[in-house]
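My questions will all concern the structure given below.
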Amino acid sequence: MPLITRDDRMIWRRRATGRDLAVWAGWLVGTAIFVWSWQVISENTIWFFVSDSPRVAADIGSRMVPPAWDYLPALWKPLWDTINIATLGTLLALVMAVPVAFMAARNTTPSVLFLRPLALLIIVSSRSINSLIWALLLVAIAGPGVFAGIIAIALRSIGFVAKLLYEAIEEIDPLQVEAVRATGASEGQIISYAIVPQVMPAFAGISVFRWDINIRESTVLGLVGAGGIGLELQASLNVLAWPRVTVILLAIFATVLISEWVSARIRHAVI
Amino acid sequence: MNQTGAIGHAPGVAGRAPMLELRQLFKQYPTGDRALDGVDLEVPAGQVMALIGPSGAGKSTLIRCINRLVEPTSGEVFLKGESITRLGQRALRRMRRRIGMIFQEYALVERLTVMENVLSGRLGYVGFWRSWWRRFPAEDVEKAYHLLERVGLAEYYDKRADELSGGQRQRVGIARALVQDPEMLLVDEPTASLDPKTSRQVMRLLCELCEERGLATIINIHDVMLAQMFVERIVGLRAGRIVYDGPPSELDPEVLTTIYGEEDWTTTASAEARRRDPGGPGTDEERLEGMV
């Protein structure tokens, strides 16, 4: 009872005394855990390497400049592959994610007992595995190359797109759906006239956002052999060709910057 | 017109057969709320009937049980003697084409154009792919355009619904219901989101159209004065039961108390007296009602 009367005056506190104590105890426990963890980490760290790290970083830094600009022309093709992996992977994911989202949304699922849990399972399994791990798996199955990258990106993106889309579907205005249903429309027509128009802006936003993320993810897929600029990065790292690494990193940076700009423009245009 | 089933076993009533008949309609929600508690009602063709009652009396549930947007727990609904409550899904969709519905918050699809919204009233008549590609038959488009003309919105056909004002949106809602070629209209609080002047215009339009087309119509309405002004019959609902059924002229303070509960009804009835004496009793809300 945070509202108490004392000496004929009303005193209001945010929490009652018991809750106040509980909050303080919570902070105390949190601090203790932090100190303990710090100690564990400290014991398991070889401090010589840490104290040495500025020197090593400076050394590598000095080897990285000047960038090997003459290496740039060799990067166009892998960069193009990277963008293709991201774009095709996103498109493939969209095609598969839309039905999953409609199965997962409480207000559109044809069967709450069977299809909805199945759709949620697809979403969770797709989201819980990083695209790098998908790529490792797919390179083993389908062999190295762009194809494995596309599939890896797509599999990882299905869950992301389907989850955000099904949340958007669940948040639509049910009155508009009721109105279309009252005209005698079939379930398919209700989706196309009452639901699709309402989730279109969300869908466009999600797609572009995911494409933007996928550009960044696909730059590292090459590390495990799934094509794109990551392949070049790995090759240069392996032979300690630091000036080349600089050029590759700058190229990735520029690509991501451009994709961010494009996706921001598209999202702005849609909303 | 769009007769889909046989007109069999017309229930009861000799002479002027009712367009709509409700028999012992009950609705209990899973939460335990009993929204309808044995409603019997008949509405003849061409009659505009207002359904009044306090919030939570079951007005919305009642009209939604007619086209089964809400499934009644028990009881039966007949349109021209044909049972609605017994229909399967497919037959129900065909039945819904014959019942136009108009909503409180307009319920237009905001991101579609006015024309798309009106044409959505024809969805029950066209196949999925035709509607997906917006390839409606020319007669449907013509019908939709004429209705937009009739409600005074012809030049707005290509605007998006969310660009319109409240009154204009409700007119689109009316056009959407009428393009169905319905035999009856269900109208849920058509004026609750509108200003007094627009409310009257919308009610007038609605009643004119019902008369032109001889539609049986149920209008849920909070504004008793507005109802009295436009309709020929008033039904009062309280706690899921019909407690009044008669002409608007017999709606005296005693009846209002039966429907809504205890309240000094005379103060709202004579708005004139209050205008002369602004310091008199009555809340702002009542004064507003008085003005309408």
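The values are calculated or read from the model by the stated rules, or taken from the named source; none is laboratory data. The model shown is predicted, which means the values in this text are computed figures rather than measured ones. Glycine gets a Cβ as well: all are built from the backbone with ideal geometry, and neighbour counts include every protein chain shown. Ligands, DNA and RNA are excluded from the accessible area calculation, which covers all protein heavy atoms including side chains. Shrake-Rupley method; radii C 1.70, N 1.55, O 1.52, S 1.80 Å.
For the pair residue B:229 and residue B:250, what calculated FRET efficiency results from E = 1/(1 + (r/R0)^6), where r is the Cβ-Cβ distance and R0 = 25 Å, to the nearest 0.05?
0.95
Where the eigenvalues come from the Cα gyration tensor of the protein assembly as shown, what are the semi-axes √(5λ) of the equivalent ellipsoid, largest first, in whole Å?
With the √(5λ) rule applied to the protein assembly as shown, the semi-axes are 62, 34, 23 Å.
Go through A:65, A:256, A:28 and say which Cα lies farthest out towards the positive end of the charge dipole of the protein assembly as shown; charges sit on Cβ, +1 for Lys and Arg, -1 for Asp and Glu.
A:65
A follow-up question, please. Treating only the Cβ of Lys, Arg, Asp and Glu as charged (+1, +1, -1, -1), what charge dipole size does segment A:73-270 show about its Cα centre? Round to the nearest 20 debye.
280
How big, on average over all directions, is the shadow cast by the Cα convex hull of segment A:3-63, in nm²?
With every direction weighted equally, the projected area is 8.1 nm².
Any idea which of B:107, B:91, B:35 is furthest toward the positive side of the dipole for segment B:25-175, if Lys and Arg beta-carbons carry +1 and Asp and Glu beta-carbons -1?
Positive-most Cα among the choices belongs to B:91.
So which chymotrypsin sites (Phe, Trp or Tyr not before Pro) in segment A:39-97 end up in coil per DSSP with only 11 or fewer other C-beta atoms within 10 Å?
When the chymotrypsin sites (Phe, Trp or Tyr not before Pro) of segment A:39-97 are filtered for loop state and at most 11 Cβ neighbours within 10 Å, nothing remains.
Round to the nearest 0.05 the FRET efficiency obtained for residue A:250 and residue B:204 when R0 = 51 Å and r is the Cβ-Cβ distance.
0.10
With r as the distance between the Cβ atoms of residue B:263 and residue B:239 and R0 = 22 Å, compute the FRET efficiency 1/(1 + (r/R0)^6) and round to 0.05.
Computed FRET efficiency for residue B:239 and residue B:263 comes out at 0.85.
What is the Cα centroid distance between segment B:32-58 and segment A:129-143, reported in whole angstrom?
Using only Cα atoms to place each centre, the spacing works out to 62 Å.
Related question: Label-point separation (nm) for residue A:63 and residue A:17, each offset 7 Å from Cα along Cα-to-Cβ?
So the two model labels end up 6.7 nm from each other.
I want the local charge near residue B:41. Using Cβ-Cβ distances under 10 Å, sum +1 for each Lys or Arg and -1 for each Asp or Glu among the other residues.
Net charge in that neighbourhood comes out at -3.
Could you sort the residues of segment A:164-194 by number and keep only those whose accessible area is reduced by 50 Å² or more in the all-protein-chain setting relative to the chain alone, 1.4 Å probe?
The answer is A:175, A:176, A:178, A:179, A:182, A:183, A:184, A:189, A:192, A:193 - residues whose exposure falls by at least 50 Å² when every protein chain is included.
Mind checking the dipole of the protein assembly as shown: about its Cα centre, +1 per Lys or Arg Cβ, -1 per Asp or Glu Cβ, Debye to the nearest 20?
1560
Further question on the same structure: Rounded to the nearest 500 deg cm²/dmol, what is the calculated helix-only ellipticity per residue at 222 nm for chain B, with -39500 (n - 2.57) per DSSP H run of length n ≥ 4?
Here the helix-only value at 222 nm equals -10000 deg cm²/dmol.
If you don't mind, there's one more thing I want to ask. State in Å² the accessible area per residue of segment A:1-63; use a 1.4 Å probe, count heavy atoms of protein chains only, and round to the nearest integer.
95
With all protein chains present, calculate the accessible area of residue B:143 using a 1.4 Å probe and round the result to the nearest 10 Å².
Rounded to the nearest 10, the figure is 70 Å².
Moving on. Return the aspartates and glutamates within reach of residue B:143: Cα separation strictly under 20 angstrom, same-chain partners fewer than 8 residues apart disregarded; answer none if there are no such residues.
Residue B:143 reaches B:116, B:155, B:158, B:181, B:183, B:208, B:211, B:212.
Rounded to the nearest Å, what's the spacing between the alpha carbon centres of segment A:51-65 and segment B:164-223? Just the number, please.
If you average the Cα positions of each part, the centres end up 77 Å apart.
Amide H to amide H, which residues 5 or more places from residue B:215 or on other chains are under 5 Å from it, using H placed in the peptide plane?
Sorted by chain and number, the residues that satisfy this are B:46.
Still on this structure, I have one more. Quick one: pull the percentage of alpha-carbon pairs in segment A:73-270 with a separation above 26 Å.
Counting pairs separated by more than 26 Å, the tail of P(r) holds 41 percent.
Comparing the chain by itself with all protein chains present, which residues of segment B:106-126 are at least 40 Å² less accessible (probe 1.4 Å)?
Checking the loss per residue gives B:107, B:109, B:111, B:123.
Same structure again: Straight distance only, please: which lysines reach the Cα of residue B:27 with their own Cα at less than 20 Å, same-chain residues fewer than 8 apart left out?
Qualifying lysines at Cα under 20 Å: B:59.
What does the net charge come to around residue B:117 if you take all other residues with beta carbon closer than 13 Å to its beta carbon, with K and R at +1 and D and E at -1?
For residues surrounding residue B:117, the net value is +3.
Just to check I understand the Karplus step: with θ = phi - 60° and J = 6.51 cos²θ - 1.76 cosθ + 1.60, what whole-Hz values come out for segment B:20-32, glycine and proline as x?
10, 9, 10, 10, 6, 7, 10, 9, 10, 6, x, 6, x
Another question, then. Could you name the aspartates and glutamates in cross-link range of residue A:163, using Cα to Cα under 13 Å and dropping any fewer than eight places away on the same chain?
A:171
Here's a follow-up. Measuring from centroid to centroid over Cα atoms, what is the spacing of segment A:222-271 and segment B:123-139 in Å?
Segment A:222-271 and segment B:123-139 have Cα centres separated by 47 Å.
What are the residues whose amide H is under 5 Å from the amide H of residue B:70, where those residues sit 5 or more places off or on another chain and H is modelled from the backbone?
Result for residue B:70 returns B:65.
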